[in-house]
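This report concerns only the one structure given below.
The values are calculated or read from the model by the stated rules, or taken from the named source; none is laboratory data. The model shown is predicted, which means the values in this text are computed figures rather than measured ones. Reconstructed Cβ throughout: ideal geometry from the backbone, glycine too, with neighbour counts over all protein chains shown.
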Amino acid sequence: MKQLTISKIKEGTVIDHINAGKALLVLKILGIHPDSTETVSMAMNVPSKKMGKKDIVKVEGKFINEEQLNKIALIAPKATINLIKDYEIQKKFRVVLPEFIEGIIKCPNRNCISNSNEPIIPKFHVWFDGEVIAKCHYCNKKVQEISEYI
Amino acid sequence: MSRFRHLISIDDLDKEDILFILKKAKGFENIAKGEMNSKVLEGKILANLFFEPSTRTRMSFEVAMKRLGGDVINMTAQEASSVAKGETLADTIKVVSKYADVIVLRHPLEGAARFAAENSEVPIINGGDGAGQHPTQTLLDLYTIMKESSLDGIKIALMGDLKYSRTVHSLIKALTLFNTEIYLISPETLRLPEEFLEGLRNVEIAGLDDVIDDINVLYVTRIQKERFPDEEEYRKVAGSYKIDAELLKRAREDLIIMHPLPRVDEIDVSVDKTSHAKYFEQAFYGVPVRMAILSEVLSEVVL
Ligand SMILES: Nc1ncnc2c1ncn2[C@@H]1O[C@H](COP(=O)(O)OP(=O)(O)O)[C@@H](O)[C@H]1O
Ligand SMILES: [Zn+2]
């Protein structure tokens, strides 16, 4: 019997191997707020062989689509997704960093058109170079501490 | 079909696109000077949308369009500021792109031109967006270097405010496509930001005295007073980044001096009479280069 930090869920999405401390940001990326209807449980600072410490997020009764889940790679490039059905893992995969992101990162450049009152969604080109790097589609500003701009 | 629909950033062009435009500009020089008439853009209308004041860029686009037989409508900075209060840029662009066949936009916010392109039915040419891009300036700079010197195997020094000058930033990027050696000459506090040095080879920080007898091109930019804590500090620093005829005695005979203009006093008028001075030619080359750009983005519309 495997040891589970939080109780088993019947159906839903488990996001594992999140960098410690980033669980709440993962929820933010997934658009889950206090007034959302999903039941969410979180485990933070769980000891992990691979990562030292990690966070885990479980969203009950909901399968989040892959495109949405891949956005997690922005802050947790090692995250693994487990889709659970009837208490069993149905599918397991690692998030893949998207090349282009809309509407998650806010541009740090205050003089950028994406921070004005125009009808505009911030867009970023994203790549991995030792760390995740994002570049504003509009003003070319590079963002390195992405967590701070989500 | 045109090679590009909009011209937003010099990075959107590859070396071949750039050489194509420069070559095309060469063919337009006679028309730009008024020695030959042209009607290639007859019936086409350019809208100048300037949310920030500019004389040179706006006027040279207007001349370029008219010399090619096209027409121009202008929104002045004053009109723009009252529009800006009540209407989004997105809406302004949607409306004006119904009136005109091509739009030249200058805007104080970075990324404005790329956003405008998303909202426009007609080509957008970036005439400068905040501290961001000014690709037509870069193309005319390259054209000047090509015509008055060479784009291949030269040594070029960029001098003055290398930190804030968007002209310098895009020119450096473009120059790396060519085989040039670049020297950076600036006060300590106005050095080129690291991010522009990334991936650059053949770039060196230098002093004017050390390179003046060796360079082929000296590109001078203005050092602005506002960048300094006080007047005295400014005068001390700016004073050592001035060019006069005396200094040029040590220069190569084929050295050319460029400046995006307007100058204040970084180039002494005594330089104007020397064969080195090319900044007024440079300003003129804005016309054939902008003609080439206009006819290129409008060629798709003609189909
Ligand atoms: N039915 C379930 N309900 C909730 N969480 C589950 C369920 N099944 C597995 N998990 C969680 O999904 C993650 C991946 O599970 P597993 O593949 O067994 O472990 P690992 O990836 O560490 O080898 C673990 O955090 C585990 O606790
Ligand atoms: Zn931006």
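Any chance the range A:25-39 includes a residue that's farther than 22 Å from A:Val132 by Cβ and within 12 Å of ligand 1 (Cβ to nearest atom)? Yes, the range A:25-39 contains at least one residue that is farther than 22 Å from A:Val132 by Cβ and within 12 Å of ligand 1 (Cβ to nearest atom). Can you tell me which of B:Thr138, B:Thr144 is more than 14 Å from chain A (Cβ to nearest Cβ) and out of contact with any Ser or Thr (no Cβ under 9 Å at 6 or more places or on another chain)? None of the other options fit; the residue is B:Thr144. Among residues of the range B:106-129 that are facing chain A (nearest Cβ under 8 Å), none has a Cβ under 7 angstrom from a residue that is part of a helix (DSSP H, G or I) and surrounded by fewer than 24 Cβ atoms within 10 Å (Cβ to Cβ) at a sequence gap of 6+ or on a separate chain. Scanning the range A:7-29 for residues that are surrounded by 17 or more Cβ atoms within 10 Å (Cβ to Cβ) and over 11 Å from A:Lys54 (Cβ atoms) returns A:Ile9, A:Gly12, A:Thr13, A:Val14, A:Leu25, A:Val26, A:Leu27, A:Ile29. Cβ-Cβ distances below 6 Å connect the following pairs, each with a first residue in the range B:54-66 that is over 20 Å from B:Asn30 (Cβ atoms), a second residue that is buried (at least 17 other Cβ atoms within 10 Å of the Cβ), and a separation of six or more residues or different chains: B:Ser54/B:Arg106; B:Thr57/B:Gly127; B:Arg58/B:Asn48; B:Arg58/B:Phe50. Take A:Val95 and tell me if it is away from chain B (no Cβ under 14 Å) and in contact with a Gly (Cβ under 7 Å, 6 or more places away or on another chain). Here the answer is no, as A:Val95 does not meet what is asked.
Entry remark, the range B:37-58: residues being assigned to a loop (DSSP other than H, G, I, E, B) and farther than 16 Å from B:Gly70 by Cβ number 5 in total. Residues that are more than 10 Å from ligand 1 (Cβ to nearest atom) and either in contact with a Cys (Cβ under 6 Å, 6 or more places away or on another chain) or part of a strand (DSSP E or B) (or both) within the range A:91-106 comprise A:Lys91, A:Phe93, A:Arg94, A:Phe100, A:Ile101, A:Glu102, listed in sequence order. So for the range B:124-142 (the condition being in a helix (DSSP H, G or I) and hydroxyl-bearing (Ser, Thr, Tyr)), does at least one residue qualify? Within the range B:124-142, one or more residues are in a helix (DSSP H, G or I) and hydroxyl-bearing (Ser, Thr, Tyr).
Quick check: is even one residue across the range A:95-115 charged (D, E, K, R), surrounded by fewer than 20 Cβ atoms within 10 Å (Cβ to Cβ) and touching a helix residue (DSSP H, G or I) at 6+ places or on another chain (Cβ under 8 Å)?
Yes, the range A:95-115 contains at least one residue that is charged (D, E, K, R), surrounded by fewer than 20 Cβ atoms within 10 Å (Cβ to Cβ) and touching a helix residue (DSSP H, G or I) at 6+ places or on another chain (Cβ under 8 Å).
Evaluation of A:Lys141 against the conditions (1) modelled with pLDDT under 95; (2) more than 10 Å from ligand 2 (Cβ to nearest atom) shows that the sole unmet condition is (2). Suppose we keep only residues that are among the hydroxyl-bearing types (Ser, Thr, Tyr) and surrounded by 18 or more Cβ atoms within 10 Å (Cβ to Cβ) within the range B:177-214. Which one would you say is nearest to B:Gly132 (Cα to Cα)? Step by step, filter the range B:177-214, then rank; the result is B:Ser186.
Every condition in (1) assigned to a loop (DSSP other than H, G, I, E, B); (2) under 16 Å from the mean Cα position of the chain (by Cα); (3) modelled with pLDDT of 95 or more is met by B:Tyr164 except one, and the failing one is (3). Scanning the range A:1-55 for residues that are on the phi < 0 side of the Ramachandran plot and assigned to a strand (DSSP E or B) yields a count of 17.
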